[in-house]
Amino acid sequence: SLFLRRQALPLGIGELKSEEFNILQERMLLTVNDTTNPGVGIAAPQVGVSRRMIAVQRFDLPDEPFGIYINPVITHYSDSLVLGGEGCLSIPDVEGMVRRSLEITLRYSDPEDYLSETGDSLKVKTETIRGFTAVIFQHEVDHLNGILFTDKMVGPLPETEK
């Protein structure tokens with residue numbers, strides 16, 4: 001879809017106060033947790049909304065929760081890479097091998113911070129993320145930049161991984 005090739009627009013404070021924001025969060029989490037086709041991450045453009053918002057399952061945290069990340073930007077990619085299989089909820093029945101950094105530094109805003117405080121600006125956080133969770137973040141942030149995993153595929157999944 002050409003829509004998935006667009007640069008997503010930043011989310012502003014006014015949008016976080018809106019009912020549309022709550023609906024967007026719900027739609028994203030319902031889609032990524034659909035029992036017929038579950039995923040580990042999703043970006044707002046995948047549900048038809050061109051905004052810089054992702055939901056990622058945090059395999060690196062206790063109980064592996066999904067987190068919502070507003071205006072995420074990866075500010076550092078490690079030189080250490082891993083080659084692994086990827087698929088995408090937006091491209092059914094396609095899987096392939098993609099090379100990703102093992103560690104990233106992510107800058108983002110947490111909607112919970114804004115909703116629990118008063119003010120007119122989004123608090124920005126920075127976090128270093130490693131391993132499989134870092135791979136998920138890279139895949140989802142790519143969606144916000146109009147990049148699909150197929151653009152980075154270096155080959156098909158080996159038969160042993162299908």
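The aspartates and glutamates whose alpha-carbon is closer than 13 Å to the alpha-carbon of Lys123, local same-chain residues fewer than 8 away aside, are Asp110, Glu112, Asp113. Distance from a point 7 Å along Cα→Cβ of Thr150 to each backbone N in region 76-100: keep the residues under 18 Å and list them by number. Within reach of a label on Thr150: 85-99. Between the helical axis of 19-32 and the longest alpha-carbon principal axis of the chain there is an angle of about 20 degrees. The residues of region 1-154 have, on average, 52 Å² of accessible surface per residue, using a 1.4 Å probe with all protein chains present. Placing unit charges on the Cβ atoms of the charged side chains and taking the dipole of region 1-93 about its Cα centre, the candidate lying farthest along the positive direction among Gly41, Pro72, Gln7 is Gln7. Between Ile13 and Ser1, the simple label model (points 7 Å from Cα in the Cβ direction) yields a spacing of 3.2 nm. At full extension, Thr128 and Glu103 could sit 8.3 nm farther apart than now, given 0.36 nm per residue minus the alpha carbon distance. Residues considered: Asp142, Asp63, Asp110. Largest GNM mean-square fluctuation over the chain, using C-alpha springs under 10 Å, is found at Asp63. Taking the accessible area of region 41-93, probe 1.4 Å, and keeping the other protein chains in place, the carbon and sulfur fraction comes to 50%. With angles folded into 0 to 90 degrees, how steeply does helix 131-144 sit against the dominant principal axis of the chain? Use alpha carbons for both and round to 10. Roughly 70 degrees, rounded to the nearest 10.
The values are calculated or read from the model by the stated rules, or taken from the named source; none is laboratory data. Since we're looking at a predicted model, the values are computed, not measured. Virtual Cβ from ideal backbone geometry, glycine too; neighbours counted across all protein chains shown. Please note that ligands, DNA and RNA were not included when accessible areas were found on the heavy atoms of the full protein model with its side chains. Shrake-Rupley method; radii C 1.70, N 1.55, O 1.52, S 1.80 Å.
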